[in-house]
Amino acid sequence: MNESEKIICPYCNAELNSDVKKCKFCGEWIVSDTDELPKDIRHFNWGAFLLNWIWGLMHRKYITLLYFPACIIPIIGPVAISIWFGLMGNRWAWKSRNWASVEEFNRVQKDYIFVWLILFLLGIIISVKVILLLLLITNINI
Ligand SMILES: [Zn+2]
């Protein structure tokens with residue numbers, strides 16, 4: 001690699017070494033191409049897939065609100081858009097803020113799977129209670 005190679009920061013026009021990931025003058029990430037996404041985060045984002053718009057709001061990625069219009073098409077709509085979120089998730093999340101490291105990024109993204117699991121279990125518990133309540137009401141009416 002040629003060490004004297006220089007690039008210009010697209011945000012503040014400072015001259016930088018071509019191998020830097022982040023501008024030391026303005027703090028902006030120089031990485032903008034898909035190919036330059038760190039190797040260890042080029043994988044499916046289950047948090048984005050499972051939590052879709054909730055995950056989207058947490059990352060200020062409001063395009064994930066497209067989940068609601070997608071639900072017009074039963075089953076296929078929400079599943080297809082969730083797969084898209086899962087595929088794009090890491091790219092979006094990586095750019096959503098300045099992560100300390102790839103490890104921190106992966107750890108936080110993994111936590112969203114647990115958030116989903118908790119919401120899923122709460123959903124089951126609430127559903128069961130509603131069904132029991134409905135059965136109770138029906139029995140009283142009989
Ligand atoms: Zn800069």
ask   = Taking the Cβ of F44 as the center, what net charge do the other residues with Cβ under 15 Å away carry, scoring Lys and Arg +1 and Asp and Glu -1?
value = +3
query = Once every DSSP H run of n ≥ 4 in the chain is given -39500 (n - 2.57) and the sum is divided by its residues, what mean residue ellipticity at 222 nm do you get, rounded to the nearest 500 deg cm²/dmol?
reply = -19000 deg cm²/dmol
query = Gap in Å between the Cα centre of segment 72-88 and the Cα centre of segment 119-142?
reply = 29
query = Over the Cα atoms of segment 34-116, how large are the radius of gyration and the largest Cα-Cα distance (Dmax), in Å?
reply = 12.5, 40
query = Which residues' amide hydrogens lie under 5 Å from the amide hydrogen of K22, considering only partners 5 or more residues apart or on another chain, with H built in the peptide plane?
reply = I30
ask   = So what are the chain's ellipsoid semi-axes, whole angstrom, largest first, if each one is the square root of 5 times an eigenvalue of the alpha-carbon gyration tensor?
value = 45, 15, 12
request  = Give me the lysines in straight-line cross-link reach of K39: C-alpha distance below 27 Å, same-chain residues under 8 apart excluded.
outcome  = K6, K21, K22, K24, K61, K95, K110
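Read-outs: derived from the displayed coordinates by stated rules, not from any lab. Here the structure is a predicted model, which is why all the values come from computation and not from measurement. Note: ideal-geometry Cβ built from the backbone for every residue, glycine included; neighbour counts use all protein chains shown.
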